[in-house]
């Protein structure tokens, strides 16, 4: 009988600092189970507890976890550096299925740490540009100090339309200012019957972005979102992430908007 | 097979059973109630048949036997984890009522299915026999008939105690052999199960998630004190929260455990950074009630609530779950008329 | 009219401001009785009194407007109340045989109140059995919990109910209900450490709030009942003051013994010139010193290990002297 609660040891291979409170940890991962962007791991440091962290990058022998220092567990994780070990369980959740977006015009809207779960999707299509017709990324951060994955953005700009906007550019006019929703109308879509959108971020940002996309003429079934909920187990037992009849950890966190819109707290 | 035994002879059987099983049953704990000089009936390992409380509804359910309130999952050092030993090395025999036996199915649904099989539940769930206690009369707040849980299914023994005699209907061959070994006469025994309750509930056919828009939930925001008692006594509530503890201040050694959680209590939905969902008690009440009589069924095909009424028995604010369920029909009318 | 006022006072009647009229004072130890006695009180008031009844501050009844010559008839009518409330009585049908030791007061206690840690009226009745009749002026009051609704600190002996909380950590889910309630409603003796609750015994006042709030029965009450015994509060003209703590976590038997022992101490040390042999015990202790009192009070008292006796005691209050 498999004991899904027992974590495995994973070594910190690399740490990338984005902001004062947001680092990406490259963690050794050699298990057979394939990892998809949008899935998550339960990351723990014994005595501080576990936290569900979504996968921000996937590579041979490693997964990347972008962690924001907001709680007891994540604070402690920040005390660990290259060579140290953490405990992981997972991957859990459904994640994004890149096949759903193939040959389509793709729009990705992400806010703040919401970039993490979609980073894998962006990376995939950045590397397999031929698999989709068009890719527009709208990313929003609070200020220049809050930008995540800055290097990635430079790379992505080479082969997709990237609109990065800040709540405030603090006088640096090389950055756009304003909410991501302001830029939805700037997205060029040639064929509304062949489009897919992914929206990930804080609840309010997701709500307004989706309504912006719908206004632009997108259909609900062409929009995907990812929910964040408290998860103690990640495996459909603890109950915390349930919304209506749906367990976000099992059935999500990625939902087609036709389903996601029905998940009311 | 049916048998009628006095206390001494019943004890002989119980002693035999205890060679291979640990017996859990509701016990009246004198003075352990909420208020001074009040009792509470809850599950305990018992050795004497006289310690079994046959005549009161247990305030807390059998679920604590299969899902310990606080359960250690593993011990750890900085680089190693070691699985916690199983709490019970023998089989278990659990005395419970028909409603609770129906609740076992709900626990199994959650912990053996719904995604992954739960390792810790499984190992306590294996090798368990159920002794269903008859209910000659319905207790206060029971509505098992409405929930279809008044008649037990798949039990090993049914038992009733009347005037010092134990009426036993044994369906388990292994245990029947014990009765035969101690030369018990076979008798025709009928164990009673209620056919009616004073309280009935009706769950509207047209119940939908739209009911969350109803005003009916508002009153609970002021009445409910979010203590979570309704969840902790519920035989079908299965939520838990993880806890990591360390043994000394600077120690690198500790344990991870899980403890029962309540969707009524603060912190249940709190995510890293402090955000939370369902802030008002009315929203929490709605979430709980709909889980019991709406969305669980959507996922699993039958209602979660078994109608034991313990939530009503325990509520310090006299909030009635069954009465709330009975308001759903009006709430559906209210929102349908509004649209 | 030739009436021995000393005798009638001892018989629980009173010299009133109205010449020729007395008032009968009815004891109700613990302030709780069968409702049927109310009709007896009504009968006395309407037949011999002026048709009114006063509910006294010490939870008895005072029936005013009774003619002195009717006292024997009133005593006859009082007999079923005296017997029903099991008041010690040397001579049947003669009414009460003392009035110095006052009616023992109690809040409603755990017969009704959720906070009550014990049956206050029951304990009051047992103390009454041990101390009555007695002419010495003793005031005893009991309250079910540290809320002290009975205001026991204004009496010679104040008894506050306590429970020693029992914690079953295996039933605790860290819901914080006890910690929050203890902080907000009581003294903040509980803290959450490693997901389990730690109780500061020194701080804990045994109110039982944790046992009430706990949704899982992780906190329950102790089998043994405990009390805080406070000493020598008083009202009055000279130096009114609140009682101070004498023993925390004391048991019922010890309390009863201490009260009985105090009678012997007062007999020994009371001001021989005190009018009507009426002197608040506190003034006597002020004279002899607390150590002497303690010696008498704790004679043959075996306290349990949990009991905490105050080493010294100082009273404050307002002095008009």
Self-check item: Flag for residue A:217 being crowded, with 22+ Cβ neighbours inside 10 Å and either assigned to a loop (DSSP other than H, G, I, E, B) or out of contact with any helix residue (DSSP H, G or I) (no Cβ under 6 Å at 6 or more places or on another chain) (or both)
Solution: no
Quiz item: Conditions: (1) within 14 Å of chain B (Cβ to nearest Cβ); (2) more than 21 Å from residue B:228 (Cβ to Cβ); (3) surrounded by fewer than 23 Cβ atoms within 10 Å (Cβ to Cβ). Residue C:206 meets all but one. Number of the miss?
Solution: (3)
Self-check item: Within segment B:102-131, considering residues that are within 14 Å of the chain's Cα centre (by Cα) and more than 14 Å from chain A (Cβ to nearest Cβ), the one surrounded by the most Cβ atoms within 10 Å (Cβ to Cβ)
Solution: B:102
Quiz item: Is there a residue being part of a loop (DSSP other than H, G, I, E, B), in contact (Cβ under 8 Å) with a residue 12 or more places away in the chain and within 23 Å of residue A:241 (Cα to Cα) anywhere in segment B:89-98?
Solution: no
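Being more than 27 Å from residue B:291 (Cα to Cα) and without any contact (Cβ under 8 Å) to a residue 24 or more places away in the chain is the requirement here; does residue B:174 meet it?
Considered against the rule, which asks whether it is more than 27 Å from residue B:291 (Cα to Cα) and without any contact (Cβ under 8 Å) to a residue 24 or more places away in the chain, residue B:174 comes out as yes.
Listed here are the residues, each with its yes/no results for (1) in a strand (DSSP E or B); (2) within 12 Å of another protein chain (Cβ to nearest Cβ); (3) closer than 23 Å to residue B:100 by Cβ; (4) in contact with a helix residue (DSSP H, G or I) (Cβ under 7 Å, 6 or more places away or on another chain).
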| position | (1), (2), (3), (4) |
| --- | --- |
| B:19 | no, no, no, no |
| B:33 | no, yes, yes, no |
| B:36 | no, yes, no, yes |
| B:59 | no, yes, yes, yes |
| B:78 | no, yes, no, no |
Quiz item: Here is a list of conditions, (1) more than 8 Å from every other protein chain (Cβ to nearest Cβ); (2) under 27 Å from residue B:87 (Cβ atoms); (3) at pLDDT 95 or above; (4) touching a helix residue (DSSP H, G or I) at 6+ places or on another chain (Cβ under 6 Å), and residue B:231 meets all of them except one; can you say which number that is?
Solution: (4)
Self-check item: Which numbered condition residue A:110 fails, given (1) surrounded by 18 or more Cβ atoms within 10 Å (Cβ to Cβ); (2) in the same structural domain as residue A:146 (by TED's automatic domain parsing); (3) assigned to a loop (DSSP other than H, G, I, E, B)
Solution: (3)
Practice problem: Please enumerate the residues belonging to segment C:1-35 that are closer than 23 Å to residue C:105 by Cβ and without any contact (Cβ under 8 Å) to a residue 24 or more places away in the chain. | Solution: C:35
Quiz item: Name the strands (runs of 3 or more DSSP E) wholly within segment A:1-60 that hold at least 3 residues that are farther than 27 Å from residue B:72 by Cβ and more than 11 Å from every other protein chain (Cβ to nearest Cβ)?
Solution: A:8-17, A:22-28, A:49-59
Quiz item: Based on what the data block shows, is residue A:94 surrounded by fewer than 23 Cβ atoms within 10 Å (Cβ to Cβ) and in contact (Cβ under 8 Å) with a residue 40 or more places away in the chain?
Solution: yes
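Sort through B:186, B:252 and tell me the only one that's surrounded by fewer than 21 Cβ atoms within 10 Å (Cβ to Cβ), touching a residue at least 60 places away in the same chain (Cβ under 8 Å) and within 14 Å of another protein chain (Cβ to nearest Cβ).
Going through B:186, B:252 in turn, just one is surrounded by fewer than 21 Cβ atoms within 10 Å (Cβ to Cβ), touching a residue at least 60 places away in the same chain (Cβ under 8 Å) and within 14 Å of another protein chain (Cβ to nearest Cβ): B:252.
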Quiz item: If you check C:286, C:273, C:245, C:251, which single one turns out to be out of contact with any strand residue (DSSP E or B) (no Cβ under 6 Å at 6 or more places or on another chain) and over 22 Å from residue C:135 (Cα atoms)?
Solution: C:251
Self-check item: Complete set of residues in segment C:66-83 that are part of a strand (DSSP E or B) and buried (at least 21 other Cβ atoms within 10 Å of the Cβ)
Solution: C:66
Quiz item: Residues in segment B:264-276 that are closer than 21 Å to residue A:264 by Cβ, facing chain A (nearest Cβ under 7 Å) and surrounded by 18 or more Cβ atoms within 10 Å (Cβ to Cβ): how many?
Solution: 3
Quiz item: Can you name every residue in segment C:84-135 that is in a helix (DSSP H, G or I), surrounded by fewer than 22 Cβ atoms within 10 Å (Cβ to Cβ) and within 14 Å of chain B (Cβ to nearest Cβ)?
Solution: C:111, C:122
Quiz item: Out of all the residues in segment C:136-146, which are touching a residue at least 60 places away in the same chain (Cβ under 8 Å), under 12 Å from the mean Cα position of the chain (by Cα) and crowded, with 24+ Cβ neighbours inside 10 Å?
Solution: C:140, C:142
Quiz item: For residues in segment C:147-171 being surrounded by fewer than 22 Cβ atoms within 10 Å (Cβ to Cβ) and either in contact with a helix residue (DSSP H, G or I) (Cβ under 9 Å, 6 or more places away or on another chain) or within 13 Å of chain B (Cβ to nearest Cβ) (or both), which is farthest from residue B:62 (Cα to Cα)?
Solution: C:164
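Is one or more of the residues making up segment A:1-15 more than 26 Å from residue B:74 (Cβ to Cβ), in contact (Cβ under 8 Å) with a residue 24 or more places away in the chain and either in the same structural domain as residue A:143 (by TED's automatic domain parsing) or surrounded by 14 or more Cβ atoms within 10 Å (Cβ to Cβ) (or both)?
yes
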Exercise. Name every residue in segment C:181-203 that is without any contact (Cβ under 8 Å) to a residue 12 or more places away in the chain and within 14 Å of chain B (Cβ to nearest Cβ), in order of residue number.
Key: C:184, C:193, C:194, C:198
Self-check item: Residue tally, condition farther than 23 Å from residue A:258 by Cα, without any contact (Cβ under 8 Å) to a residue 40 or more places away in the chain and out of contact with any helix residue (DSSP H, G or I) (no Cβ under 8 Å at 6 or more places or on another chain), over segment A:159-198
Solution: 10
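The values are calculated or read from the model by the stated rules, or taken from the named source; none is laboratory data. Nothing here was measured: the structure is a model prediction, and the numbers come from that model. Reconstructed Cβ throughout: ideal geometry from the backbone, glycine too, with neighbour counts over all protein chains shown.
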